[in-house]
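Colleague: The structure is given below, and queries will be raised subsequently.
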Amino acid sequence: MRIETVAVHAAFSVDPSTGAVAPPLHLSTTFGRDEAGIPLSPHTYVRESNPTQDLLEEALAALDGGEAALVFGSGMAAGLAVAQALPPGSHVVLPEDVYYGYRVAARDFFPAWGLGATFAPLHRPGGLAEALRPGTRLVWLESPSNPLLRITDLAASAAAAKEAGAIVLVDSTFATPVLQRPIELGADVVLHATTKGMGGHSDVQGGALVFARKGELLEKVRHVRTILGAVSSPFNSWLVLRGLRTLAVRARVQSESALAIAAALAAHPAVSRVNYPGLASHPGHETARRQMSAFGSMISFHVAGGREAAIAAVGGTRLFTRATSLGGVESLIEHRATSEGKDSTAPPDLVRLSIGLEHPDDLVADLVQALEA
Ligand SMILES: Cc1ncc(COP(=O)(O)O)c(C=O)c1O
């Protein structure tokens, strides 16, 4: 089945008792038992599992082609549950431009968990090989990366990491399973901040891990989630499931628009560089063409006039909404270093865009007037 069909039909059924076509939202925190104390269903308590979350996990596993999925209260909670499942003494390799929240987490929490971290240019051939150590248990990849839109060769990196005996995690938030399927390229776990494109409407927070295989890693991470408690609420699970149904069409339209906008920005004299993997000038373009079916809704670009000019361009837009986050129906713009705050390593002249569902001509016109104001 094609991904568009999977997005609509995964975990879909008509409720036999009511005939309802939309999935039920079960808010119950607890679930009954019979006279002998045997649970009446697979569920006993909401932190362990609940029927709405089950539907979302089934759909997510189908979309990424994994055997199982676990959903969490945020993308941060999802990714860090994998780190928390590692034995103390483990070494983790992360991209040097990993999403800044994980960089801060590695700095502030890994030492207390007994984990070592190396940040390396994993988008470069040989970057991973230099960072691997005998104790490397986890190789963390992010492609396209946030906010530089770097592309990492997922198949080559996964093969090298596996040879070293490490688990391979791919943060595929920018791509979504519509555009990229890391498990087919060798990933053991795919990470999504479902707060972004999967939710799709800027109204729900969540995270997900899709596991290539059931087994020890899945059960260790499930234990982290159940006991440390970073679960998704039933309503948030329901909202993400609802978002998934239109994900394929949104991802395709947003990718088409983003390509047109990136090309227009690249031709503008006030812009010194555009980071968009769909442009032939992007250093990762050929790799992106191999591992993605389209290039996604995210663009970043450098403003020729530097930091102040970048802030002024963001301030001058009328149609773009000035806010962080991504993957919604409304286009967003931000001066990335300002959004990330004191721990930012984003270049000072960098503007990040999340392209929504408006017409690309209107978005280009807005950017041009802001750059020329
Ligand atoms: C690539 C990427 N991964 C993970 C996250 C974290 O997701 P959340 O904010 O839901 O914790 C983000 C958030 O922006 C992100 O951009």
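Colleague: Expected output is a single nm value to one decimal: the length gained when fully extending between Arg273 and Ile38, i.e. 0.36 nm times separation in residues minus the C-alpha distance. What is it?
Modeller: Length gained, Arg273 through Ile38: 78.4 nm.
Colleague: Exposure proxy check: Ser172, Ser90, Ser297 ranked by fewest other beta carbons within 10 Å?
Modeller: Listed from fewest to most nearby Cβ atoms, that is Ser90, Ser172, Ser297.
Colleague: From the residues Val351, Thr317, Ala370, which one has its Cα farthest along the dipole of the stretch 248-372 in the positive direction, the dipole being from +1 and -1 charges on Cβ of Lys/Arg and Asp/Glu about the Cα centre?
Modeller: Farthest towards the positive end: Val351.
Colleague: From Cα pairs below 8 angstrom and at least 6 apart in sequence, can you work out the relative contact order of the chain, rounded to a whole percent?
Modeller: 16
Colleague: Can you put Leu132, Leu367, Leu138 in order of Cβ neighbours within 10 angstrom, beginning with the fewest?
Modeller: If I rank by nearby Cβ atoms, fewest first, I get Leu132, Leu138, Leu367.
Colleague: If I take R0 = 35 Å and measure r between the Cβ atoms of Arg318 and Ala280 in this structure, what FRET efficiency does the formula 1/(1 + (r/R0)^6) give, to the nearest 0.05?
Modeller: Taking R0 as 35 Å, the efficiency between Arg318 and Ala280 is 0.70.
Colleague: Assigning unit charges at the beta carbon (Lys, Arg +1; Asp, Glu -1) and nothing else, what dipole magnitude in debye, to the nearest 20, does the chain show about its Cα centre?
Modeller: Approximately 440 debye in magnitude.
Colleague: What does the charge count around Gly284 come to, taking other residues whose C-beta lies under 12 Å from its C-beta (Lys +1, Arg +1, Asp -1, Glu -1)?
Modeller: +2
Colleague: Provide Phe31, Phe211, Phe174, Phe235 in ascending order of the number of other Cβ atoms located within 10 Å of each residue's Cβ, fewest first.
Modeller: The fewest-first ordering by Cβ neighbours comes to Phe235, Phe31, Phe211, Phe174.
Colleague: Which order do the peptides 321-327, 194-200 take when ranked by the mean count of other beta-carbon atoms within 10 Å per residue, highest first?
Modeller: With the highest mean Cβ count within 10 Å placed first, the list reads 194-200, 321-327.
Colleague: Once the other residues with Cβ under 10 Å from the Cβ of Pro182 are scored (Lys, Arg +1; Asp, Glu -1), what is the net sum?
Modeller: Net charge around Pro182: -3.
Colleague: Projecting each Cα onto the charge dipole of the chain (Lys/Arg +1, Asp/Glu -1 at the beta carbon, about the Cα centre), which of Val274, Ala260, Gly284 comes out farthest on the positive side?
Modeller: Checking the options against the dipole of the chain, the answer is Gly284.
Since every read-out is calculated from the coordinates, none of them should be taken as a lab result. Because the structure is predicted, anything quoted here is derived from the model rather than measured. So basically every Cβ, Gly included, is an ideal-geometry build from the backbone, and we count neighbours across all protein chains shown.
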